[in-house]
Amino acid sequence: VSDEWIPLFICGSHRQKGSAMKEMAVEIGTGTSIREYLPSPVLVDYDLSIDDAIQAGQYGCSERVITSRSFPSMRKGKGHVEFVLIHFTRLTDSIEVLREFTRRSLRSAELRELIALGMMYPNIKPEASIVALGSVLRRANATFEVPLLRNDSGGQTLGLYYRDRGWHPGYWFAAVQE
């Protein structure tokens with residue numbers, strides 16, 4: 001496992017004055033490294049519709065089902081959230097990720113929080129996708145999908161991925177402080 005840090009945020013003028021980003025590496029049970037990046041708190045508007053948030057964030061949204069109807073918000077109003085992005089350096093599954101969140105007193109980020117993170121940090125560029133396990137869509141065929149944010153040549157996009165498949169090391173998981 002490499003100890004080399006992967007540049008995650010290229011904030012430029014989007015970085016808030018006086019904000020700092022912490023980086024740390026942590027070893028867990030099996031010796032698998034987990035990397036965490038803690039950006040400045042992000043303002044989330046839970047009342048903003050998904051369609052309006054996608055438009056405001058200029059996301060290229062490939063999944064038509066990513067709507068407020070498919071992902072209703074149980075939270076109301078506006079609030080600042082502290083994100084923790086966790087990266088496993090080996091194949092893992094959703095249950096292991098959620099256990100790690102619980103161990104650290106974190107909860108999984110939800111879709112609106114993920115959208116707000118991408119809006120505040122439009123140049124966020126992890127190795128691959130950032131996953132929000134806190135919002136789950138159940139399809140008619142009984143599969144479960146979760147939203148993810150990724151950057152590609154066309155800019156930021158929001159997509160869905162099957163929750164029950166394994167997660168390879170290219171995925172980052174968005175969590176928020178309780």
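Quick grid of which residues meet (1) in contact (Cβ under 8 Å) with a residue 40 or more places away in the chain; (2) over 24 Å from Arg104 (Cα atoms):
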position	(1), (2)
Pro122	yes, yes
Val131	yes, no
Arg139	no, yes
Asp164	yes, no
Pro169	yes, no
Ala174	yes, no
Gln177	yes, no
Scope segment 128-159; condition within 17 Å of Tyr59 (Cβ to Cβ) and of a type in the set (S, T, N, Q); matching residues
Ser129, Ser135, Asn151, Ser153, Gln156, Thr157
Scan of segment 134-171 for residues that are in a loop (DSSP other than H, G, I, E, B) and open to solvent by less than 20 Å² (accessible area, probe 1.4 Å), ordered by number:
Ser135, Gly170
In segment 132-163, which residues are among the hydrophobic types (A, V, I, L, M, F, W, C) and within 18 Å of Gly118 (Cβ to Cβ)?
Ala132, Leu133, Val146, Leu148, Leu149, Leu158, Leu160
Identify the residue in segment 109-125 that is open to solvent by 20 Å² or more (accessible area, probe 1.4 Å) and outside any helix (DSSP H, G or I) and, among all such residues, is modelled with the lowest pLDDT.
Lys125
Condition check for Arg99: more than 18 Å from Ala174 (Cα to Cα), out of contact with any Cys (no Cβ under 9 Å at 6 or more places or on another chain) and not polar (S, T, N, Q)
no
Please determine whether any residue of segment 163-174 is out of contact with any His (no Cβ under 8 Å at 6 or more places or on another chain) and over 20 Å from Phe101 (Cα atoms).
no
Among the candidates Arg99, Arg104, Arg112, Arg163, residue that is among the basic types (Lys, Arg) and closer than 22 Å to Asp51 by Cα:
Arg112
Selection count, segment 72-106, where residues are open to solvent by 10 Å² or more (accessible area, probe 1.4 Å) and outside any strand (DSSP E or B):
21
Select from segment 132-178 the residues that are closer than 16 Å to Ile86 by Cα, touching a Lys or Arg at 6+ places or on another chain (Cβ under 8 Å) and among the polar types (S, T, N, Q) and list them in ascending order.
none
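The values are calculated or read from the model by the stated rules, or taken from the named source; none is laboratory data. Source: prediction; values computed, not measured. Neighbour counts run over all protein chains shown; Cβ positions are idealised from the backbone, glycine included. For the accessible areas, the whole protein counts, side chains as well, though only heavy atoms, and no ligand, DNA or RNA atoms are used. Shrake-Rupley method; radii C 1.70, N 1.55, O 1.52, S 1.80 Å.
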